[in-house]
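We did not get these values from a lab; they are worked out from the coordinates using the rules stated. Keep in mind the model is a prediction, meaning the values are calculated, not measured. Please note: Cβ atoms are built from the backbone with ideal geometry, for glycine as well, and neighbour counts cover all protein chains shown.
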Amino acid sequence: MRYEFTAEEEAFRAELLEWIENEVPEDLRGIGRAASDEEWENELRVRRQLADKGWLTLAWPTEYGGQGAPMMQQVIFNEEMVYHRIPGREPFGTRMLAPTLMVHGTEEQRRKYLPPIARGEVQWCQGYSEPDSGSDLASLQMRAVDDGDDFVVNGSKIWTSLAHRADWIFFLVRTDPDAPKHRGISFLLAPMDTPGISVEPIINMAGHHSFNQVFFEDVRVPKENLVGELNRGWYVAATLLDFERSGVDYPAQARRTLDDLIEYAHSTLGADGEPLSKDPDIRRKFVELSIETDAARSIAYEVADMQAHGEIPNKEASMSKTLGTKLVQDVYGFGVDLLGMYGQLRPGSPRAVLEGRMLDMQLTTVAFTIFAGTTEIQKNIIATRGLGLPRG
């Protein structure tokens, strides 16, 4: 399916690009890890600017702090922000938790949690995976025991992105250990400064600190922080995963990187004295990756169109995630090869090409086909829910 943006949507794109050009300094662009305290402060500063303009929550209903804008306008925002490498977006709250609360939360929960997200005042993190429960998420064992007005939680979560920066966490716990594994799970919310919650850093192979392990030791969570029905949190979790897996971020990132590599190939001479862009093998690879990028972009648009019509993407979100994550891995792998020995240099090296981004991101994107449900899990969803194939 091909989408034609309306005049209103293109006017918004122009306004956004003008803001990026005039309001976001060059030294802030390309930031996305918020590794240092200074980078994190810059992240929050841009986020507050976006919130003031109402751009963090464009497609939200107005009663919850949104603009009630068309979903495709939100897509334009996400696409251009990623393409231009602008910090400030907060996906855990705005794209994952908030839409889930709109589906499963109480009105009181929506009124409490959504406005601070819309104002850019709160950072959320996601507690799903455990040391022994990753792809088979329903096997999770972290327990929550009923104790009067509270649940008492014990266990740990792992690969928790930005837990060291987060104010709140949404997480899954087992509230009925005797139920089948997809039942007996509940979805809870808790402030990260709750007594008994501690965070240990995990450094990835690219040398970055984004992941963490979060420990819960006799953590008391009020029952009013239960989202959805008790013991039916798997359905809440599945809704959130559909929102997490969908999006235009992957093809936008791939498109920007391909544009950088094409410019490099035009301006760099090969061993024969001709620009690399004239090499037929290199040209063919650029064409292949460009086609894959357009395909991933079209599926992301389809997912957004479904959301615009009040539908929850399921197999479509899995298709978007599968294609998009493999795409960025392929693009950065090609980038490392194209740059030759320079492709082995990391950010900070005085002779690094393209800011050392290729190897850095090749190492980082290894996890992309694993987190938020592995590619194998996504293919199972596509097969059973999309193609109607029997379970093996």
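In summary, the lysines within cross-link reach of Lys223, defined as a Cα separation below 30 angstrom excluding same-chain residues under 8 places away, comprise Lys112, Lys157, Lys181. The relative contact order of the chain, computed from alpha carbon pairs under 8 Å that lie at least 6 residues apart in sequence, is 13 percent.
If you rank Arg174, Arg45, Arg110 by fewest surrounding Cβ atoms within 10 Å, what's the result? Don't skip to the end; give the middle numbers.
Values: Arg174 24, Arg45 13, Arg110 17.
Taking fewest neighbouring Cβ atoms as first place, the list is Arg45, Arg110, Arg174.
Using a/c under 1.5 as the rounded threshold, could you call the stretch 125-231 rounded, prolate or oblate? The axes a ≥ b ≥ c are square roots of the C-alpha gyration tensor eigenvalues, and prolate needs a/b larger than b/c, oblate otherwise. The shape class here is oblate. Between Leu28, Leu359, Leu114, the GNM of the chain built on Cα springs shorter than 10 angstrom shows Leu28 fluctuating the most. Straight-distance candidates among the lysines for linking to Lys285, with alpha-carbon spacing under 26 Å and chain neighbours fewer than 8 residues away dropped: Lys321, Lys326, Lys379.
Quick check for me: using +1 on Lys/Arg Cβ and -1 on Asp/Glu Cβ, what's the dipole size of the chain about its Cα centre, in debye to the nearest 20? Intermediate values should be presented prior to the final figure.
Details: 41 positive and 61 negative charges, 166 e Å.
Using only the charged Cβ atoms, the result is roughly 800 debye.
For the stretch 7-89, averaging the sequence separation of C-alpha pairs within contact (under 8 Å, six or more residues apart) and dividing by the residue count gives a relative contact order of 38 percent.
Calculated from DSSP H runs of 4 or more alone, at -39500 (n - 2.57) each and per residue, what is the 222 nm mean residue ellipticity of the chain, nearest 500?
That calculation yields -14000 deg cm²/dmol at 222 nm.
In the stretch 246-386, Cα pairs under 8 Å separated by at least six residues give a relative contact order of 25 percent. Can you bin the stretch 1-135 into rounded, prolate or oblate? Criterion: square roots of the alpha carbon gyration tensor eigenvalues sorted a ≥ b ≥ c, rounded for a/c under 1.5, prolate for a/b above b/c, oblate for the rest. Judged from the Cα gyration tensor, the stretch 1-135 comes out oblate (a/c at least 1.5, b/c at or above a/b).
Local charge sum around Ile185 (other residues, Cβ-Cβ under 14 Å, Lys/Arg +1, Asp/Glu -1)?
Values: positive: Arg143, Lys157, Arg174, Lys181, Arg183, Arg232; negative: Glu130, Asp136, Asp176, Asp178, Glu229.
Result for the local shell: +1.
Shape call for the chain from the C-alpha gyration tensor, a ≥ b ≥ c root eigenvalues: rounded (a/c under 1.5), prolate (a/b greater than b/c) or oblate?
Details: a/c = 1.63, a/b = 1.55, b/c = 1.05.
Prolate.
Averaging over all projection directions, find the projected area of the Cα convex hull of the stretch 178-230 and quote it in nm² with one decimal place. Please report the intermediate quantities before stating the final value.
Values: hull surface 22.2 nm².
With every direction weighted equally, the projected area is 5.5 nm².
Could you work out which residue, out of Ser133, Ser318, Ser186, moves most in a Gaussian network model of the chain, that is, has the largest mean-square fluctuation with Cα springs under 10 Å? Fluctuation is largest for Ser133.
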